[in-house]
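What follows is one structure encoded as structure tokens, with my remarks underneath.
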Amino acid sequence: MGLTLRSVLTALVSLVSLSQGISLTGPRTLLVVEDDVKAQFQTLISDLEARGFTTTTHTPKSTTLTLFQHEERVYDNIILFPTKLKGLGPNLPSSSFLKHATAGGNILILLPSSADDNIPTAIAELATQVDIFLPPKGFAVVNHFDLADAIEPEHTTLLVDLPSFPSDTRNYFNTGEDKGAKLLYSGAGLAVGSSPLVQPILKAPRFAYSYDTKEATSFADDENVFTAGKQLALVAGVQTRNSARITFVGGADLLADKSFTKIAKTNQMSGNRAFAKDVTAWTFKETGVLRVDGIEHWGEEFGKEVVNGDVYRIKHDVTFSVALSEYSYDHFEPFVAPADDAVQLEFTMLDPYYRIPLTASSSALTQHKNSTTYSTTFKTPDQHGVFTFAVNYKRPFLSNIHEKRAVTVRHFAHNEWTRSWGISGSWPWIAGIWVVVVGWIGFVGLWLWSKPVVAEGKGKKKQ
Amino acid sequence: MRPCGSAASVGAATRHVTQIHQNPQPTRLTSPHPECPSPSLLILLLILATITVLLPEIKSIMKLLSTSNLLAAGLLLCQWVSAATPSAWTFADATLQISQKGAEAGAKRKFTSTSPITDDLTLKSTDSLKILLTTKEGDTAKRPHQLFLFVKDTESELESFFPFDIKESGKARLDLTLKDIPIALLSSSSLSLTLTVGSFGQSTPLSLEIAKVTPVLDAATKKSLPEPALKYQKMKEIHHIFRAEPKSPPKVISLVFLVAVAVCLPGLFGAWFSLSANVSHLPKSLAASPIAHPLFFASLLAFEGVFFAYYTQINIFQTLAAVTIISPVALLSGSRALREVRARRLNGER
């Protein structure tokens, strides 16, 4: 029943997404931007609209702007463009952004590229709340080692390689055609905290550093350098526990029209436009969203005749399968975990007794042909109790999966133990019993029917 | 693309400045930023000028070569190349010193841009590392904007940085103790120290690995290292360790004792018969009570049979049912049979 309802819902969702081809959160996008700034981001906005987003523009000081109506989100996605203002309007306190994210909405924040521009306090507050650290006003990232423009005296325009990640992390930010393209960047950069919810998306080149352009004019000393090298993030993404996404772009020019151009030094198109698509697609949940399509488990005792049963026996083989699919712009497709990563199953009673990888299985769950079935078989531990099958798949850039199914693991029934004759050590004892039995029967016979033997001198045998 | 020089090749030229000194000819060809016409033209002119000016020196080098003093020639070549390219950052009088707190200062190790320190250095918790150097743009001492020491864990690629204190004269100093280094790096087996010198303008920046250091932590520091922060990634596998299966002694031993026990039975009967036990009264008792005796004995056998069945297959309820049926039979026939036995005893036949 549950399955049929779910499949109907799935069909509905896919129908809706087929007609629109947009993010899973929704298409309603708020642009918080002043008119003169908006003119610098025409391509970004038209690219979003071409992908099915509907945009509404408000200035930061707008009085008619509300993010919530009747306690429901008005917008699915928010883009905060850089502004010259020191503060956003009264309708955009930092708490409203957190409320928006708590309600599942996504936020893309573009910080100013120029060291002279302010970062509104609401945005700075939001950043600290999500474990991202912004330098104060006046900082800029420079790289003396790989100049984008040889005659630019400030060295603030950076050439940055497209992001690359360790082999256990999916790369959603290098999907453009030209994998070797460079990104043009200018801005102040960010530092990310140690929270697992925060991920740097784009890191600075190895010897780049962010310094105070007002204080450290002659040389960069300890106090006036914000951070440097690979610790310096240029773009960072936060995924909240409810899988809403907040992305900080350290320099708005990264996504501005003027960066979607040829790089003079390499005479090749910059990768900025494709990167802008990747960043917005991830932030607005067009990519990196996982779905559990189905879970099946069965045991050695009944085989596949009893699927998702409640009771298993200790020391029996149990097979667990989960079907996963992943959203990609307008459709769900089978999810393939990165090479060095693994979808893991935990079999838990207070502590995990097992944490084992699930492998992509060739035999799909019958109900879910369009997903990858991850499956494994293991022997239930020799401990009875209430156990939980748990798939806790939380990875950078992927929406969280935490599925639990509780089952009882029972002890051996009395007739499931090895019989005593099967245990060689018990043979002498069993033999002892039968010797007593036969001896006693024999004794009874003799006692009943023995005839006294007359000994010499005595009349009868003594009793 | 080629004539303009790709970003990668320029990057390579700037990253490995050491090559400039060993092999001057190609460096000139890949002068920085060749795609911009005006500066590259300027540099080309400059190079041509230096070549013409330095022609006599080249001759002297050839002379040295003829005397087969190759090493000296190389050194000289290095020297004038670094002097001849004014648009490159470099450093001089560089020393690295590790000294223990309270003890005498350790040996000063000299290093240059061509000869980094190759010794295995160790840095203990009480040690402090001091680097002194003078930065130069070309051959004039000058203060660069960036003079950092990057400290990298060679395994995890984690990297931190330490800016030097620089005077206007280019004299720079960095003091580093173990507690300045982020704890994430301290558990590393080897830290690589990279010096970077760079500034605004056209001069080629310099990055150079100057040494490798092994941090040595005392037990207390090691204990105080915090757990690494939680990361969302594949976790360590856990496999349940089953309790050991109950073990039986070797079968031979069981069989020996089995035989020993089984032999007791014939031993017992043998003992009884040797003490003149017999069944000679059987016909007599059968004649006296032909039903009670066989029935009684059979009911005893039936009891054992039921117990055997209970042991092998039937359950307790079936067993109780069977016992309920057999018991009255055994009771009645038993009293009759025993009455016959008493009769024999009273007759003096037992």
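Just so you know, all these numbers are worked out from the coordinates, no wet-lab data involved. All values reported here derive from a predicted model rather than from experimental measurement. Counting neighbours? That spans all protein chains shown, and the Cβs are built from the backbone with ideal geometry, glycine included.
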* To do: Arrange the following residues from fewest to most other Cβ atoms within 10 Å of their Cβ: A:402, B:240.
  => A:402, B:240
* Asked: Which FRET efficiency, nearest 0.05, do residue A:194 and residue A:68 yield, Cβ-Cβ r, R0 30 Å?
  -> 0.40
* Quote the FRET efficiency, to the nearest 0.05, computed for residue B:120 versus residue B:171 with a Förster distance R0 of 22 Å and r equal to the Cβ-Cβ distance. => 0.20
* Asked: Between residue A:152 and residue A:215, what is the FRET efficiency for a Förster distance of 25 Å, r being their Cβ-Cβ separation, to the nearest 0.05?
  -> 0.75
* For the range B:89-222, report the translational diffusion coefficient in µm²/s to the nearest whole number, using Stokes-Einstein at 10 °C, 1.306 mPa s, and a Kirkwood Rh over Cα pairs. => 104
* Pairs to check: A:404/B:231; A:394/B:179; A:315/A:369. Give those whose C-alpha atoms are more than 23 Å from each other in this structure. => A:394/B:179; A:315/A:369
* To do: Once you have the Cα-Cα distance between residue A:39 and residue A:383, take 0.36 nm times their residue separation minus that, and quote the gain in nm to one decimal.
  => 117.2 nm
* Approximate spin-label separation residue B:239-residue B:329, in nm, with each point projected 7 Å along Cα-to-Cβ -> 5.8
* To do: Go ahead and estimate [θ] at 222 nm for chain A from helices alone: -39,500 (n - 2.57) per DSSP H run with n ≥ 4, summed, over the residue count, rounded to 500.
  => -5500 deg cm²/dmol
* To do: Return the distance in nm (one decimal) between the two label points of a simple spin-label model at residue B:132 and residue A:267, each offset 7 Å from Cα along Cα→Cβ.
  => 5.0
* Could you check the simple spin-label distance between residue A:258 and residue A:359, using points 7 Å along Cα→Cβ, in nm with one decimal? => 5.5
* In which sequence would B:237, B:104 go, from the one with the fewest C-beta neighbours within 10 Å to the one with the most? -> B:104, B:237
* To do: Starting from the Kirkwood radius over alpha-carbon pairs of the range A:24-283, derive D by Stokes-Einstein at 10 °C in a medium of 1.306 mPa s and give it in µm² s⁻¹.
  => 86
